[in-house]
């Protein structure tokens with residue numbers, strides 16, 4: 001007789017309301033945020049206890065029983081900022097009953113900044129002390145964006161703390177924005193499209209802020225420089241994620257989904273034809289059955305009107321566990337970010353009553369059945385439907401709405417670390433974009 005096993009019922013996605021799911025997923029994400037009353041032990045570092053405002057990237061750590069090979073019980077500056085943006089939205093719409101989580105986030109940000117000394121440390125212990133890890137210049141930019149988003153929701157003393165953290169980040173970025181960094185995936189060192197886009201959006205937000213944050217005099221020239229630097233990543237076919245282009249065992253590194261993510265978290269325009277050309281190739285490499293990188297689960301999902309699920313880049317070998325080491329798999333957050341791109345393009349098409357007619361955008365639109373002759377209202381509807389199919393695939397393959405880092409490329413079952421904070425935050429952001437798109 002075999003051992004007892006359990007499974008979770010899968011949602012009837014055609015009848016499931018995405019906004020309702022998002023409300024539930026917010027609280028699943030919220031479980032990973034430390035407070036005075038929700039305190040975590042670091043499972044691998046004795047004596048390390050969470051401080052209020054720490055955002056666990058995931059509650060998972062390396063564990064033979066669950067086959068996980070990664071420890072995510074840390075606070076990443078980037079991941080924490082993405083979650084903090086959702087906290088600001090949640091407080092603004094009344095989901096959060098008070099602003100204490102925002103106050104905690106600001107205080108913890110200052111703790112990390114003071115403990116690191118190098119400002120771009122990517123990851124910290126959950127008590128806010130410095131962790132040996134890579135440095136990434138997207139972190140200070142994204143953290144600044146989160147602080148600006150919540151600034152007017154803070155009390156006066158915490159506003160002062162937020163302003164100090166922002167000033168520290170800007171003082172660091174004044175010289176760092178022209179330099180190299182480890183990229184979004186913490187794998188390659190060079191000039192990162194995502195980091196540059198995040199920095200550009202940060203500088204634009206500081207220049208335009210109405211919170212009383214002083215804009216440094218060097219910002220205008222930095223904005224111009226970053227705009228030109230982003231143009232240099234275009235190779236005539238796709239935006240290249242890193243310069244110089246990586247040629248190590250991970251190659252090919254392009255097209256890389258962090259280009260699309262730059263339109264969600266950075267300054268990249270969702271209607272940039274070069275972005276849309278890159279996005280079309282990203283979808284095709286995992287959704288086209290003729291592609292060597294095709295995910296089998298996307299074939300099964302397509303028959304049910306779902307998906308596709310998307311990964312990071314074509315040469316990916318990271319899978320987060322030892323069930324299928326070295327294989328490329330789709331991620332929840334990258335899929336949700338691509339769905340958000342569809343929604344935001346739909347909103348632009350609807351508001352302008354114009355369908356892009358340039359050659360670079362054509363493949364992106366054709367993948368959802370849109371041509372330059374399609375009526376704007378019909379094109380917007382097709383783009384929204386494409387985003388819905390992606391989010392519904394995430395819901396369908398979730399573990400009772402809980403989201404891990406990845407889905408198995410063959411079976412669709414969740415894999416790698418569980419309850420990834422960024423997976424939830426990306427889904428929430430996409431649903432907000434869906435609401436705005438009509």
inquiry  = Once you keep just the Cα pairs under 8 angstrom separated by 6 or more residues, what percentage relative contact order results for the stretch 271-329?
reply    = 23
remark   = In units of 2.2 N^0.38 Å, the Cα radius of gyration of the stretch 231-378 is 1.06
inquiry  = Let me check against my output: what whole-number percent is the relative contact order of the stretch 40-232, with C-alpha pairs under 8 Å and at least 6 apart?
reply    = 18
key: Distance (nanometres) between label positions extended 7 Å along Cα→Cβ at residue 153 and residue 31   = 2.2
query = What is the order of 423, 123, 232, fewest Cβ neighbours within 10 Å to most?
reply = 232, 123, 423
inquiry  = Can you bin every Cα-Cα distance in the stretch 40-232 into 10 Å intervals starting at zero and give me the percent of pairs per bin, rounded to whole numbers?
reply    = 9, 36, 35, 17, 3, 0
Potential extension, residue 317-residue 95 segment - 0.36 nm per residue separation minus Cα distance = 76.1 nm
request  = Could you check the simple spin-label distance between residue 375 and residue 436, using points 7 Å along Cα→Cβ, in nm with one decimal?
outcome  = 2.6
inquiry  = What percent of all Cα-Cα pairs in the stretch 59-111 falls into each 5 Å bin, going from 0 up to the bin containing the maximum distance?
reply    = 5, 17, 21, 17, 14, 11, 9, 5, 0
query = Where does the chain land at 222 nm, in deg cm²/dmol rounded to the nearest 500, when only DSSP H runs of n ≥ 4 count, each adding -39500 (n - 2.57), divided by all residues?
reply = -15500 deg cm²/dmol
query = Is the stretch 300-385 rounded, prolate or oblate when judged by the Cα gyration tensor, a ≥ b ≥ c being the square roots of its eigenvalues, rounded requiring a/c under 1.5 and prolate requiring a/b larger than b/c?
reply = prolate
key: Taking 278, 335 and counting other C-beta atoms within 10 Å, the order from fewest to most   = 335, 278
query = In the stretch 308-349, which residues have a backbone nitrogen under 12 Å from the label point lying 7 Å from residue 413's Cα in the Cα-to-Cβ direction?
reply = 323-324
request  = Would you work out the relative contact order for the chain, in percent, from Cα pairs under 8 angstrom that are 6 or more residues apart?
outcome  = 17
key: residue 228/residue 269 FRET efficiency (R0 22 Å; Cβ-Cβ; nearest 0.05)   = 0.90
ask   = So what are the radius of gyration and Dmax for the Cα set of the stretch 122-248, in Å?
value = 15.6, 50
query = Going highest first, how would you order 347-354, 307-314, 412-419 by mean Cβ packing within 10 Å?
reply = 307-314, 412-419, 347-354
remark   = Each label sits 7 Å from Cα toward the beta-carbon; between residue 214 and residue 300 the label points are separated, in nm, by 6.0
request  = Whole number please: convex hull volume per residue, Cα atoms of the chain, in Å³.
outcome  = 153
For the stretch 227-304: Kirkwood Rh in Å [reciprocal of mean 1/r, alpha carbons] = 13.6
request  = Pull out a ≥ b ≥ c, the square roots of the eigenvalues of the alpha-carbon gyration tensor of the stretch 1-143, then state rounded if a/c is under 1.5, prolate if not and a/b is larger than b/c, and oblate in the remaining case.
outcome  = oblate
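Where a number appears in this text, it was derived from the coordinates with a stated rule and is not lab data. All values derive from a computational prediction rather than experimental measurement. Note that each Cβ is placed from the backbone with ideal geometry, even for glycine, and that neighbours are counted across all protein chains shown.
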